[in-house]
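Asks: Got a structure for you, written out below as structure tokens; questions coming shortly.
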Amino acid sequence: MPPSIKRLIEGWSGLPVPILLVQDSTFPTVSALHDLKGTIDSDNPQKIATALGLFEANVNTTELKEKLISRKSSKITPQMFEYKLIRQAKKNKQHIVLPEGTSERILKAADILLRREVCDITLLGKEDKIASLISQFNLELDGVNIINPERSPNFEQYVLDFYEMRKDKGVTMDMACDFMADETYWGTMMIQKDEADAMVSGSINTTAHTIRPAFQIIKTIPGKSIVSSVFLMCLKDRVLVFGDCAINPNPTAEQLAEIAISSAETAKIFGIHPRVAMLSYSTGSSGKGAEVEKVLKATEIVQKLRPDLLIEGPIQYDAAIDPSVARTKIPDSKVGGKATVFVFPDLNTGNNTYKAVQRASEDSLAIGPILQGLRKPVNDLSRGCTIHDIVNTVAITAIQAFESKNNKG
């Protein structure tokens, strides 16, 4: 660097400015910069992901935020929440296995995740077919690990391990071979053997095919009797947790209590302060019936097991979410009007409600289902999921994986 330029830089005490050191003289350099087109079109997700990845890797966003933002809002938009998810996943990078390695949406999502350095990825499937698709879609997946289960040097050991695990259930060695040739079973075994941290599947496979291996291999957390699910409902100005909207058709009072506790724990993982509403068609003692009694019993169980949780039940949805209704129906409640975790009495109610809320506002976003209760995270995608949905689900799964290991330690 010329001494004159060095003295100029050392004497500068104003705001930080970027300095480019180039070989050419001023005029050709300025001309070249003038001809550069820095536009990023909304229909080019690869360029967007690359730009975001470079920005996040090279800009001190904490310092930038401190200089730009003088006050903090309690409101959070879907875009703000998604950005927070990506940052949280990047902070503690995990290894995620994606069994559906020949899915176009999975490959394009993996491209975005790697560009933004969200997590490490293993794709399962035939190497030549995956490589051909990567080339066909013009993707950059240089950092991805690809495994064909049947050609893996670990295949025989995986078969033996699965046989030992399931022989009491009638599984033979031949059956174990067939199971381990299945990418979903292989991916689940990778998690069990700590060769990956978590798995995301379901863009092609059914929910049953995605979670059955998890039930057989990973199993539930000690003390948990069921696996349940939640959706993160990103509304216009807040994020709510809805459970169970995907797994348990008609939970008992004991199971409903477990779903409530698991949902509150999931809320905490994603920075949502849990205030739990145990939903029913009745608020307080205004109604009678078996379903109301079930919710009341579940609430009492939670209060006994987790006295630290803020919980109200039975409570109607309007009293749980609307402060004006809560002041009329349950004026002394610490949950009414400001609930963040909504536990539905059955799958029929939960599934229809989350879809109704999602469709009622164009600005809303439902992320999930997020499975809870397993020893290690496995999450299921909808077969109609978008690339955007996959990116969000992988980020969430990575966060769950880190929290799972952290809590274990």
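Asks: Expressed in nm to one decimal, what extension gain is obtained for the pair GLN46 and SER25 from 0.36 nm per residue of sequence separation less their Cα-Cα distance? Walk me through the numbers on the way to the answer.
Replies: On the way: separation 21, 0.36 × 21 = 7.56 nm, distance 3.33 nm.
Difference between extended and current length: 4.2 nm.
Asks: Now a separate question. Which residue, chosen from MET233, PHE270, THR283, occupies the Cα position most advanced towards the positive end of the dipole of the stretch 196-327, where the dipole is computed from +1 (Lys, Arg) and -1 (Asp, Glu) charges on Cβ about the Cα centre?
Replies: Farthest towards the positive end: PHE270.
Asks: Next question, about the same structure. The stretch 230-334: which chymotrypsin sites (Phe, Trp or Tyr not before Pro) are DSSP loop and have at most 15 other beta-carbon atoms within 10 angstrom?
Replies: Values: sites: PHE231, PHE242, PHE270, TYR281, TYR317; in loops: PHE270, TYR281.
When the chymotrypsin sites (Phe, Trp or Tyr not before Pro) of the stretch 230-334 are filtered for loop state and at most 15 Cβ neighbours within 10 Å, TYR281 remain.
Asks: Provide the net charge surrounding ARG383, with neighbours chosen by a C-beta distance below 15 Å and charges set as Lys +1, Arg +1, Asp -1, Glu -1. Show your work: numbers first, answer last.
Replies: Details: positive: ARG105; negative: GLU100, GLU104, ASP380, ASP389.
Residues near ARG383 contribute -3 overall.
Asks: Of all DSSP beta bridges in the chain, what percent run antiparallel (nearest 5)? Walk me through the numbers before you get to the answer.
Replies: Values: 12 of 34 bridges.
Taking every DSSP beta bridge within the chain, about 35 percent pair in antiparallel fashion.
Asks: Now a separate question. Trypsin sites (Lys or Arg not before Pro) within the stretch 319-409: which are DSSP loop residues with at most 10 other Cβ atoms inside 10 Å? If you can, show how the numbers build up before the last one.
Replies: On the way: sites: ARG327, LYS329, LYS334, LYS338, LYS355, ARG359, ARG375, ARG383, LYS405, LYS408; in loops: LYS334, LYS338, ARG375, ARG383.
Of the trypsin sites (Lys or Arg not before Pro), not one in the loops of the stretch 319-409 has a Cβ with at most 10 other Cβ atoms within 10 Å.
Asks: Roughly what % antiparallel, to the nearest 5, for the DSSP beta bridges in the stretch 225-372?
Replies: On the way: 11 of 21 bridges.
So the antiparallel bridges in the stretch 225-372 amount to around 50 percent.
Asks: Another one. State which entries of LYS93/LYS169; LYS37/LYS126; LYS47/LYS84; LYS294/LYS405 exceed 32 angstrom in Cα-Cα distance in the structure shown. Spell out each step's value before the answer.
Replies: On the way: LYS93/LYS169 36 Å; LYS37/LYS126 39 Å; LYS47/LYS84 20 Å; LYS294/LYS405 34 Å.
With Cα atoms farther than 32 Å apart: LYS93/LYS169; LYS37/LYS126; LYS294/LYS405.
Asks: Which of the trypsin sites (Lys or Arg not before Pro) found in the stretch 212-294 are in a DSSP loop and have at most 13 neighbouring Cβ atoms, other than their own, within 10 Å? Spell out each step's value before the answer.
Replies: Details: sites: LYS219, LYS224, LYS236, ARG238, LYS268, ARG275, LYS288, LYS294; in loops: LYS219, LYS224, LYS236, ARG238, LYS288.
Answer by residue number: LYS236, LYS288.
Asks: Another question, then. When the Cα centres of the stretch 267-298 and the stretch 347-409 are compared, how far apart do they sit, in Å?
Replies: Measuring centre to centre over Cα atoms gives 21 Å.
Asks: A further question follows. Any aspartates and glutamates with Cα under 15 Å of the LYS329 Cα? List them, leaving off those in the same chain fewer than 8 positions away.
Replies: GLU312, ASP318
Asks: Here is a follow-up. What residues have an amide H closer than 5 Å to that of ILE247, excluding those fewer than 5 places away on the same chain, when H is modeled at 1.01 Å from N in the peptide plane?
Replies: Here SER229 satisfy the definition.
Asks: In addition: Fully extended, how many nm does the chain gain between THR172 and GLU56 (0.36 nm per residue separation, minus their Cα-Cα distance)? Numbers along the way, then the final one.
Replies: On the way: separation 116, 0.36 × 116 = 41.76 nm, distance 5.00 nm.
Extra length available between THR172 and GLU56 comes to 36.8 nm.
Asks: Taking 0.36 nm per residue of sequence separation and subtracting the Cα-Cα distance, how much length would be gained by fully extending the chain between ALA181 and ASP142, in nm to one decimal?
Replies: Working: separation 39, 0.36 × 39 = 14.04 nm, distance 2.50 nm.
Between ALA181 and ASP142, full extension yields an extra 11.5 nm.
Asks: Which ³J(HN,Hα) values in Hz, rounded to whole numbers, follow from the phi angles of the stretch 131-148 under the Karplus curve 6.51 cos²θ - 1.76 cosθ + 1.60, where θ = phi - 60° and Gly and Pro get x?
Replies: My calculation for the stretch 131-148 gives 4, 5, 5, 4, 5, 4, 8, 6, 9, 10, 10, 4, x, 8, 9, 10, 10, 9 Hz in order.
No lab work stands behind these numbers, since they all come straight from the coordinates. What you are looking at is a predicted structure, and each value in this text was computed from that prediction instead of being measured. Here the Cβ is made from the backbone with ideal geometry for all residues, glycine too, and neighbour counts use every protein chain on show.
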